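See structure below.
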Amino acid sequence: MSTRGRTPGQPGLLRVLNDRAALELLLDDGPLTRNEIAGRTGLSKPTAAEIIRRLESADLIRAAGTEAQAGRRGPSAAVYEAITDRDLAVAVDVQLVDVRSTVVDALGRAYPVATHTMSPDEVRGPGTDIVAAAITRAATAAGTDPDLVTAVAVGVQASVDHTTDTLIFTDGLPGWPRERVAATLSAELGVRVVVENDANLAAIAERNIGAGRTVGSFALFWMAEGLGMALDLDGRLHTGASGAAGEIGYLGVPADARAIDPTATIIADLISESAIAALAAEHGITAPDGSAADWREVLPQLPGLPEQHPFTTALGERIGHNVLPALAVADPETVVLHGPTGIAGGPALAAAVTAWLRTRTRWSTAVVAPGVPDTPVLHGARHVLIDVVRAALADRVDRINEDAPEPASAPDPHLRT
């Protein structure tokens, strides 16, 4: 925040702080009247009126009817609301072939999700094109202008070193830059771009609205075409020195798991797409037409299987071998089985993993199903973007005050410091 050389306590700085406080109040609790803004901020009514004038002139708030129209009792007074449909962001989830995107505003309201399956040429195409198309689809689904989008958060199947802005540990994203990834996308798209690992974004969603709300620490296992892990310690993601803390799937298969799948070399192989398809075939799970089922045909059948089903038990053992290293190193309070496999397996698969851990290891860690099974990566990106959009609105408050003349009279004694 620029204060142009003003020292703390001077009217200009106090004006910025109070404008910000009023805007945040309208974002959190609005719409509100002038008197309600004054009462909840501790400011005088004349000061609240002046704040409203400044924020209205900057197109940050607008009149939203009267108390009577809002169903309130007493004399009618103008009600004001924050303008949130002119500063938008887009959350994007890029998987190997599927791309999902949705609009995000400062209130975190739900907008339609646009889903697209990429052609082979699109998959190999530039990351800029993939994200740009996702922005357009999200804006179209929401019925809004894509030119209003100023920020994007992209979840990808890769570790992200935010210190060097580098993508690491990824076998996909062939057309994406590996270095200066966020900076390159931001420059080419003309909006601020945040790039984050998909498992980390899912963990943010689980911490805010899912299985992580009531626990001190949890590990989230993202089981999709590959395996990733996010580690949340007391509400803070632990990503490691280079962003690769969750790449647990690259560990070698332990000796006591080799009999399960002699062809597996790393633990992620135990629950790979081909491994799950082969395991399904062993237990009589087929495609709808009776032929051998591939991974995508197996997953829709998992919700109907009980915990005691031989397939569920066998898959639970394989997942248990993947979970065990995380328990030995981090000892989280809870493990969340996530990604397409964890979502499909649900509570029955989580119970099977819990049972295997408690009977075959020294750990009794709770293993649970996802609390946010629908578009978790987008939900996590939404939480990131709400802060980004609100920070942009706060910056606009700073700008409208930078060149405002100082009042000739003494400052309002009710101004907050």
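Filtering the stretch 197-253 to residues that are closer than 29 Å to Glu179 by Cβ, touching a strand residue (DSSP E or B) at 6+ places or on another chain (Cβ under 7 Å) and of a type in the set (S, T, N, Q) leaves Asn197, Asn200, Ser242. All told, Ala110 falls short of being assigned to a loop (DSSP other than H, G, I, E, B), in contact with a strand residue (DSSP E or B) (Cβ under 9 Å, 6 or more places away or on another chain), under 26 Å from Asp147 (Cβ atoms) and in contact (Cβ under 8 Å) with a residue 40 or more places away in the chain.
There is no residue in the stretch 168-187 that is modelled with pLDDT under 95, part of a loop (DSSP other than H, G, I, E, B) and within 19 Å of the chain's Cα centre (by Cα).
This table checks each residue for (1) assigned by TED's automatic domain parsing to the domain that holds Phe221; (2) of a type in the set (D, E, K, R); (3) touching a His at 6+ places or on another chain (Cβ under 9 Å).
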| position | (1), (2), (3) |
| --- | --- |
| Pro376 | no, no, yes |
| Ile386 | no, no, no |
| Val389 | no, no, no |
| Arg396 | no, yes, no |
| Glu402 | no, yes, no |
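Among the residues of the stretch 360-389, those identified as outside any strand (DSSP E or B), without any contact (Cβ under 8 Å) to a residue 40 or more places away in the chain and out of contact with any Leu (no Cβ under 6 Å at 6 or more places or on another chain) are Arg362, Ser364, Pro373, Asp374, Asp387. Of the residues that make up the stretch 113-123, is at least one in the same structural domain as Leu185 (by TED's automatic domain parsing), in contact with a Phe, Trp or Tyr (Cβ under 8 Å, 6 or more places away or on another chain) and part of a loop (DSSP other than H, G, I, E, B)? Checking the stretch 113-123: not a single residue is in the same structural domain as Leu185 (by TED's automatic domain parsing), in contact with a Phe, Trp or Tyr (Cβ under 8 Å, 6 or more places away or on another chain) and part of a loop (DSSP other than H, G, I, E, B).
Taken over the stretch 195-226, the criterion of being touching a residue at least 12 places away in the same chain (Cβ under 8 Å), among the β-branched types (Val, Ile, Thr) and out of contact with any helix residue (DSSP H, G or I) (no Cβ under 6 Å at 6 or more places or on another chain) is satisfied by Ile209, Val215.
If you go through the stretch 114-168 and keep only what is of a type in the set (A, V, I, L, M, F, W, C), touching a Ser or Thr at 6+ places or on another chain (Cβ under 8 Å) and buried (at least 17 other Cβ atoms within 10 Å of the Cβ), you end up with Ala114, Ala134, Ile135, Ala138, Ala142, Val156, Ala158, Val160, Leu167. The residue of the stretch 174-194 that is nearest to His379 (Cα to Cα), among those that are in contact with a Leu (Cβ under 7 Å, 6 or more places away or on another chain) and buried (at least 19 other Cβ atoms within 10 Å of the Cβ), is Val193.
Taken as a whole, the stretch 301-324 holds no residue that is within 19 Å of Tyr250 (Cα to Cα) and in a loop (DSSP other than H, G, I, E, B). For the stretch 205-212, the criterion of being small (Gly, Ala, Ser), part of a helix (DSSP H, G or I) and crowded, with 22+ Cβ neighbours inside 10 Å is met by at least one residue.
The values are calculated or read from the model by the stated rules, or taken from the named source; none is laboratory data. Keep in mind the model is a prediction, meaning the values are calculated, not measured. Here the Cβ is made from the backbone with ideal geometry for all residues, glycine too, and neighbour counts use every protein chain on show.
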